[in-house]
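Comments concern the structure below.
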Amino acid sequence: MSQRRPSAGRNIYLDKDEFAAEIAKWRDSAERVEDRVMHDKLALMILSIPRHMLHSKCFCGYDNYLKEDMMMSAYVKIVKNLKNFNPEFGASAFKYFSRCCYFAFCEVIMKYYRHKNMLEELEAAVKQRMKSLGLTAGDLDDSYDNFE
């Protein structure tokens, strides 16, 4: 049975209390959400959540281009949900935005596989139709050269 490392020895990349304080500072910066300005420190904290989550065992096996899409989607979702976070409900800011990031990752992965499956089905249908017409892929390449 594996033992967890003590919390003092763990690599903590984001201090939860400091993160909550930065969000409170952002909320107090202006009355209207459109007038609020995000400080660099808060932006770097927000950027660190998806970046570190990509290294978890759930998401480490995907291609780099998919990881980039996952990170960008997570950034957008976090910034959109920043105004919805309410610390009075007792939720930790880190937990809230980690869940936003997790679901953004899942949405990108589901969309990727949905499109991949559609392309595979379309490719199979085209191959079957070509076979029924008696064509091969080489026939299409030759006919394409004749049009130029």
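The values are calculated or read from the model by the stated rules, or taken from the named source; none is laboratory data. Keep in mind it's a predicted model, so treat the numbers as computed, not measured. Quick reminder, even Gly has a Cβ in these numbers, built from the backbone with ideal geometry, and neighbours come from all protein chains shown. Just so you know, the surface numbers come from the protein's heavy atoms only, side chains and all, with ligands and any DNA or RNA stripped out. Shrake-Rupley method; radii C 1.70, N 1.55, O 1.52, S 1.80 Å.
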Computed, not fitted: 222 nm per-residue ellipticity of the chain from DSSP H runs ≥ 4 (each -39500 (n - 2.57)), nearest 500, equal to -22000 deg cm²/dmol
In region 34-63, which trypsin sites (Lys or Arg not before Pro) are in a loop and have at most 11 other Cβ atoms within 10 Å, using DSSP for the loop call? Lys57
Restrict the search to region 28-94; then list the GluC sites (Glu not before Pro) that DSSP places in a loop and that have at most 16 other Cβ atoms within 10 Å of their Cβ. Glu31
Please give me the summed charge of the neighbours of Glu123: other residues whose Cβ is under 13 Å from its Cβ, Lys and Arg +1, Asp and Glu -1. +2
dims of the chain, Cα set, principal axes, largest to smallest, nearest Å -> 68, 51, 27
To one decimal place, what orientation-averaged projected area in nm² is obtained for the convex hull of the Cα set of region 12-51? 2.9 nm²
Descending packing, highest mean Cβ count within 10 Å first, for 76-83, 121-128 is 76-83, 121-128
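At 1.4 Å probe radius, can you tell me the per residue accessible area of region 1-118 in Å²?
So region 1-118 comes to 71 Å² accessible per residue, rounded to a whole number.
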Sites matching chymotrypsin sites (Phe, Trp or Tyr not before Pro) across region 92-122 that sit in DSSP coil, with at most 12 neighbouring C-beta atoms within 10 Å: none
Taking the Cα centre of the chain as origin, work out the dipole magnitude from +1 charges on Lys and Arg Cβ and -1 charges on Asp and Glu Cβ, in debye rounded to 20. 1040 debye
With a 1.4 Å probe and all protein chains left in place, how much of the accessible area of the chain comes from carbon and sulfur atoms, in whole percent? 55 percent
Label-point separation (nm) for Asp40 and Lys111, each offset 7 Å from Cα along Cα-to-Cβ? 3.1 nm
Take each complete run of DSSP H in the chain, measure how far its Cα atoms stretch along the helix's own axis, and keep only those covering 30 Å or more with mean Kyte-Doolittle hydropathy at least -0.5; list them. 93-133
